[in-house]
Each structure stands twice: as structure tokens, then as C-alpha cells.
Amino acid sequence: MKKFAVFGNPIAHSISPRLHNLAIAGLDLEAFYGRVLLEDEKNLKSKFLELNLSGANITVPFKEEAFKICDELETHASKIGSVNTIVKDSNKLIGYNTDAIGFLQAIDEFGKIKSALILGAGGTARAIAYALNTKNISTSIVNRSEKRRQNFLDYNFKTWNEFVPKGYDLVVNTTSAGLVKNEYPMPIELLEPTLKNSQYAFDAIYNKSTNFLNLAKNMNLQTKNGKDMLVWQAVFALDIFYGGVLNKDKIYTFMNKAVNLGA
Ligand code: NDP
């Protein structure tokens, strides 16, 4: 029996065990997927080894630490600078990042995209900016503060004060604004003129229709929340745990069912 787990803090709310266990059962795999609350990032590697895991997913706030403890990194993870999936191969820990490919799969239903604006500059913004860059999409970032500018030297990074609104094919919210409070990710006087001339809006927040998405919908943009990104990053992770031999569409069907069980 293979053992997998998701590491994070907090972790009680994570739906990863539900997604993975339903797919594991549906595909007749002999495995169990649990959750681990980690207090100190320094214990990530020892806990992984102590639990004798074959693989793990890593969520907030340990993706950068996961990047540091891996013996080898696949290209996406090494370019993004964070790891959300670890696989044990012989005695080595191999790090992957499936957030970027999960995002690209999620926006696949949108039409041709040539330009994109990302709101926010955290870990999710880094994965999404990288994903868009692999598709040669011209990508700009706008953030409320200056502090993460150095992470986006290859992109057109602006703070709210510097930003001049214009239209983009795609506008993506990666801030956590709207997650708890009904706030916009950027002042409305900047957001409205941006959305007015844009076509598609995507919100990484997956469990609600945020003020950002509601505004975009009212302005006739095609919109999508982060649920499919969450499901697809998990689909790719499970497939990686098994060496890339599983049927991803089948995994998606089971995981999509699992995510909707909690809706
Ligand atoms: P980070 O903490 O790394 O980054 C958050 C970013 O949002 C920062 O740039 C921060 O600005 C900005 N921000 C935070 N609060 C506000 C606010 N009230 N107004 C404007 N900007 C704000 O978070 P992550 O990148 O890890 O996660 C961001 C979101 O993405 C979360 O809501 C998370 O749930 C979601 N997510 C979804 C996934 C999916 O699969 N669908 C996967 C991973 C995350 P500053 O730099 O100034 O602090």
C-alpha cells in the first residue's frame, strides 16, 4: 500500500485528501492519502521520511521550503521557485510544481489569449506568470505593494500607484482579497476601466464567486473561478505519483465529483 499526504498549516480545511482518496478508490489503486499539520518547516523532510510516504503535496506556507529540501527539481518547479508535489524515487526526493499546468488546463476553454494581467504578486502569481510565459502570452503584474517586485524582474510589474488601466485578453486575480471579506483585489477606479476592455476573467479563489468575478460577469466578460485549477493540479500530482501512467481524464472525473461533494 502506497502512502501519500498533504503538508500545510493550517491543513484541516484542505480538500486534497477527499480529491485523492476518491480518485484512488475509483482507479482501484492500493493507496491512502492523509493530511499532516506541520508546525515547523524545518521538519518537512524528516516528517516525510518518518511517515514512509511515496509522495506528498505541499501547500501554504511550505512550498518554498519544499523547493529547498528536494534532491532534484523538474523544470517547472525550478523556474517557478516553489514545489507543490514531492515524489520519492529510490532514495531521492524529486520536486514538481503542478499549479502552473493546472492553471493552463483550467483556462483552456477560453479563446486565444495574447495579453494577460495578474492581480497580486505572491506564490500563485509566480506560478501563473510562468505558465503564461510558456505560452508566449505578454504578461503584466499589478500589486498593492512594492515588496515582491524582485520576484517579477522578467515581467512588467506595477504597483497600484504606477498602474495605468487598459484592456487585456485575460485578467487573473491571485490575491486573497475576496476570500473572507467581500472586497475587490484592486481599487474599483482601476479595476473597472481594466475589465471594461478585457475579455476573460479568472479568479484563483475556488470556493465562491468573488466580488471580482461578479463585477467581471456584470461587465460581460467570460469568467471562471479557481476550482478547475485546484482539481487539475491534483490530477497532475496523482499522475506524477504513479510515474505518469494514469488516465488523467478519468482522474479528473473522480476528483471533480469529489470537489462538488463539498459544494
Ligand atoms: P500569497 O500570500 O503568496 O500572496 C498574496 C498576494 O495577494 C500578495 O501579492 C498580496 O500583496 C496580495 N493581497 C493580499 N491581500 C490583499 C488585499 N486585501 N488586497 C489586495 N491585494 C492583496 O498567497 P498565494 O499566492 O499563495 O494565494 C493567493 C490566493 O490564491 C489565495 O486566495 C489562495 O486560496 C488561491 N490559490 C488557489 C489555488 C487553486 O488551485 N485554485 C492554488 C493556490 C492558491 P502584498 O505583496 O502587498 O502582500
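Got a sec? Charge dipole of the chain, +1 on Cβ for Lys and Arg, -1 for Asp and Glu; which of 131, 22, 199 is way out at the positive end?
Checked the options; the winner is 199.
Using the Cα centre of segment 1-143 as the reference point, and only Cβ charges (+1 on K/R, -1 on D/E), how large is the resulting charge dipole? Debye, rounded to the nearest 20.
Approximately 220 debye in magnitude.
Could I have the simple spin-label model distance between residue 135 and residue 159, label points 7 Å from Cα toward Cβ, reported in nm to one decimal?
3.1 nm
Between residue 25 and residue 207, what is the label-point separation in nm under the 7 Å Cα-to-beta-carbon projection?
That separation, rounded to one decimal, is 2.1 nm.
Across the Cα atoms of segment 153-263, what radius of gyration and what greatest pairwise Cα-Cα distance (Dmax) are found, in Å?
16.7, 49
Can you pull out the GluC sites (Glu not before Pro) in segment 29-66 that DSSP calls coil and that have at most 10 other Cβ atoms within 10 Å?
Here the sparse-neighbourhood loop sites are 30, 39.
When only C-alpha pairs under 8 Å and at least 6 residues apart count, what is the relative contact order of segment 88-139, in percent?
Normalised by residue count, the contact order of segment 88-139 is 40 percent.
May I ask you to give the average projected area over all directions of the convex hull of the Cα atoms of segment 33-113, in nm² rounded to one decimal?
6.3 nm²
Among the listed pairs 147/248; 112/196; 47/68; 112/147; 2/135; 3/45, which are separated by more than 27 Å between their Cα atoms?
Among 147/248; 112/196; 47/68; 112/147; 2/135; 3/45, the Cα-Cα distance tops 27 Å for 147/248; 112/147; 2/135.
Please report the accessible area of residue 87 (heavy atoms, 1.4 Å probe, ligands and nucleic acids excluded) in Å², nearest 10.
20 Å²
Report the calculated FRET efficiency for residue 179 and residue 43 (r = Cβ-Cβ distance, R0 = 25 Å), to the nearest 0.05.
After rounding to 0.05, the efficiency reads 0.35.
Mind checking the per residue accessible area of the chain for me, 1.4 Å probe, whole number of Å²?
Roughly 48 Å² per residue, with all protein chains present.
Obtain the radius of gyration and the Kirkwood radius of the chain from its C-alpha atoms and give Rg over Rh.
Across the chain, the Cα-based Rg/Rh ratio is 0.97.
Distance between the C-alpha centers of segment 227-258 and segment 141-206? Whole Å please.
That distance is 29 Å.
Could you tell me the calculated FRET efficiency between residue 197 and residue 147, based on Cβ-Cβ distance and R0 = 22 angstrom, to the nearest 0.05?
Efficiency computed from Cβ-Cβ geometry: 0.15.
Quick one: if you stick a label point 7 Å off each Cα along the C-beta vector at residue 32 and residue 247, how many nm between them?
2.8 nm
Take every Cα pair under 8 Å in the chain that's 6+ residues apart, average their separations, divide by the length, and report that relative contact order as a whole percent.
For the chain, the relative contact order is 17 percent.
To the nearest 500 deg cm²/dmol, what mean residue ellipticity at 222 nm is calculated for the chain from DSSP H runs of n ≥ 4 alone, each contributing -39,500 (n - 2.57), summed and divided by the residues?
That calculation yields -10500 deg cm²/dmol at 222 nm.
The values are calculated or read from the model by the stated rules, or taken from the named source; none is laboratory data. Bear in mind that the values here come from a model prediction, so they are computed numbers and not experimental data. When we count neighbours, we look across all protein chains shown, and the Cβ atoms used for this are built from the backbone with ideal geometry, even at glycine. Each accessible area value is taken on the protein alone, full model and side chains, heavy atoms only, with ligands, DNA and RNA left out. Shrake-Rupley method; radii C 1.70, N 1.55, O 1.52, S 1.80 Å.
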